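Here the structure comes first, spelled out in structure tokens, and everything after it is commentary.
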Amino acid sequence: MNVTLVLAFWGVAFLLIVVPGPDWAFVLACGLRDRTVAAAVGGLMVGYVLLTVIVAAGVGAIVTDAPAVLTALTVIGAGYLVYLGAFLLAEPSVISSGPPSEDPPARWETVPPSERPSCSPAACSTQFSAPAPAPSSATGPPSRESSPDSRVRP
């Protein structure tokens, strides 16, 4: 086995993994939708392992020697993409703005004020209150006449 070819294959495989592309877009979309990427990354890893096994089994050499096989694989892949596109056009995704369904709320959905949990005034005041600022007077310190019970030192 030619070591140069093996190293070239591993270099291309590594570049396919690290360069942003459809795989990264798929993982990011799954992360935004489901908040987890483990299944998406696992599926991509299985796909790369299968690709490696298929090429190592010699299918790459067969495709190189028989251009008709490459043409057949290309037509099958194109047909699959047309099928996916037709399915998407037949049943497009719809963003609903109607009343909420029986499903649990989405992770990024805001809760209306009427449905927010309330707390008692004592609990809320201890959690969210800040010390009141000291009163300030633009004319100077308060005089004895303005506040009879204040004790101003001379």
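Checked across segment 29-43, the condition of being surrounded by fewer than 10 Cβ atoms within 10 Å (Cβ to Cβ), of a type outside the set (Ser, Thr, Tyr), at pLDDT 85 or above and not in a helix (DSSP H, G or I) holds for no residue.
Residue-wise test of (1) assigned to a helix (DSSP H, G or I); (2) modelled with pLDDT under 85.
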{"position": "Thr4", "(1), (2)": "yes, no"}
{"position": "Ile17", "(1), (2)": "yes, yes"}
{"position": "Pro20", "(1), (2)": "no, yes"}
{"position": "Asp23", "(1), (2)": "yes, yes"}
{"position": "Val53", "(1), (2)": "yes, no"}
{"position": "Ala68", "(1), (2)": "yes, no"}
{"position": "Gly77", "(1), (2)": "yes, no"}
{"position": "Tyr80", "(1), (2)": "yes, no"}
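The set of residues in segment 43-62 that are more than 17 Å from Leu15 (Cα to Cα) and more than 29 Å from the chain's Cα centre (by Cα) comprises Val53, Ile54, Ala56, Ala57, Gly58, Val59, Gly60, Ala61, Ile62.
The values are calculated or read from the model by the stated rules, or taken from the named source; none is laboratory data. None of the values given here were measured: they were computed from a predicted structure. No Cβ is skipped: glycine too gets one built from the backbone with ideal geometry, and neighbour counts run over all protein chains shown.
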